[in-house]
1. It is to be established whether one or more residues within segment 60-69 are modelled with pLDDT of 80 or more and basic (K, R).
2. Kindly indicate the residue of segment 157-188 that is in a loop (DSSP other than H, G, I, E, B) and among the polar types (S, T, N, Q) and also farthest from the ligand (Cβ to nearest atom) among those meeting that condition.
3. Residues of segment 148-160 being at pLDDT 90 or above and either surrounded by fewer than 17 Cβ atoms within 10 Å (Cβ to Cβ) or outside the structural domain of P219 (by TED's automatic domain parsing) (or both), which ones?
4. Just checking, does segment 196-205 include any residue being farther than 17 Å from L234 by Cβ, away from the ligand (no atom under 16 Å from the Cβ) and touching a strand residue (DSSP E or B) at 6+ places or on another chain (Cβ under 7 Å)?
5. Quick one: which helices (runs of 4 or more DSSP H) sit completely within segment 209-273 and have at least 3 residues that are in contact with a Cys (Cβ under 8 Å, 6 or more places away or on another chain)?
6. Inspect segment 212-219 for any residue being in contact with a Lys or Arg (Cβ under 7 Å, 6 or more places away or on another chain) and under 30 Å from K147 (Cβ atoms) and give the result as yes or no.
Amino acid sequence: MIFELISTLSLHVSLFKIKGHSNNHFNDIADNLANTGRHLHILDTYVPQLTNWTCHLSWSDRLIEQPLRSFLKNTFKAHNFDHWTTNFSNIRLRAIQHLVHWPYTWSCLSFHSSTPSSLFEYNHFQSFKVNCLNKSLPTLEKLKITKPHIYKASWYCCKCNTSKETWFHLWFCHRSIDTLKDIRDQTLDKFSDLVILNSRHKRSEIRHDLATSSFWIIPTSQPTAINHFSFADLITGLIPNDLVTIIDYHITSTTYTEAIINEAFHFMFNKLYHDMWIPRCSQLNLVEKSFNLSSHDKRSKYDSVIHGTLTQSRYQRPVSTRWINWCSSASQFGFSWIDFINTP
Ligand SMILES: [Zn+2]
């Protein structure tokens, strides 16, 4: 019937989304009619008449010229990525975002080794990797914010007992830095071993090219605006483009690159998890026990009625329109969301 009306009266119809119950006069009329109509049986739709009906969707007043399904998929991915990178804890990421090989980074994040492990262990390890990427492992400084009734401001790193246990300190504490350096060297060896299997070059050449890259450098302080990769970035699981370039150069076919990176990073994360994170958790456990903290206490949530309101200030997420502008172009030219990441 609507189609009939449009064609008979030669109407030009544009569709706009109106927020429900927002006191829009005509929307309210339509709402009332729809509500009344729900209980009436007087409207019969003649379906064959509607088969010629076509609908064109637009984005920011521009017709979406791309297949809708993939356009929407890419739009959501671009939006989520934008949301993630504008997060408070990702300030560092914004400085080095353009140096990251994103497809391999995602591949590495979801990679799991063929060695069988229990589902529990597998889930723990996967969540450890995600927490590394988001720098959201429960360090003491994080626990002080989420559970201030248990973790007091006077608690310091349980290895050195002199510094606050931030994300950076967790890995670069002077008491465990030798373990971290070992892990770095062994990962470097692992890379060399994997590359040589598919290369005609000498092992010494491969190792030299890999070892002289900035992403193995152990930083002395938390990297912020410096826009080159260091080992502090590598242990979050971000894959630098430079690493991909070096491997591509040395191997006989670039089809092996992704598998090599996945394997070597899996090795590194296993080491970080078993040689550093788990021992640190055991150490913290001992400290907690010395304070007579039971696992029941640790599971207890912060209760504002008992402990008062948290004074922690909330970070305001900056409003980002970058993804909206990008989607306007994508609606016309059909970019993949990976291009969004590389658009300044
Ligand atoms: Zn320490």
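1. Checked against the condition, which is being modelled with pLDDT of 80 or more and basic (K, R), segment 60-69 yields at least one hit.
2. If we take residues in segment 157-188 being in a loop (DSSP other than H, G, I, E, B) and among the polar types (S, T, N, Q), then T166 is farthest from the ligand (Cβ to nearest atom).
3. Y156, C160
4. Of the residues in segment 196-205, the ones farther than 17 Å from L234 by Cβ are 196-205.
Retained after the next criterion (residues that are away from the ligand (no atom under 16 Å from the Cβ)): 196-205.
Going one step further and asking which of them are touching a strand residue (DSSP E or B) at 6+ places or on another chain (Cβ under 7 Å), we end up with 198-199.
Yes.
5. Of the helices (runs of 4 or more DSSP H) lying wholly inside segment 209-273, those with at least 3 residues that are in contact with a Cys (Cβ under 8 Å, 6 or more places away or on another chain) span 257-271.
6. Among the residues of segment 212-219, not one is in contact with a Lys or Arg (Cβ under 7 Å, 6 or more places away or on another chain) and under 30 Å from K147 (Cβ atoms), which makes the answer no.
Yes or no, residue by residue, for (1) part of a helix (DSSP H, G or I); (2) within 16 Å of the ligand (Cβ to nearest atom):
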site: C108; (1), (2): yes, no
site: V130; (1), (2): yes, no
site: E141; (1), (2): yes, yes
site: K152; (1), (2): no, no
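The values are calculated or read from the model by the stated rules, or taken from the named source; none is laboratory data. Worth saying up front: this structure is predicted, and the values here are computed from it rather than measured. Cβ coordinates were reconstructed from backbone atoms using ideal geometry, including for glycine residues, and neighbour counts include every protein chain displayed.
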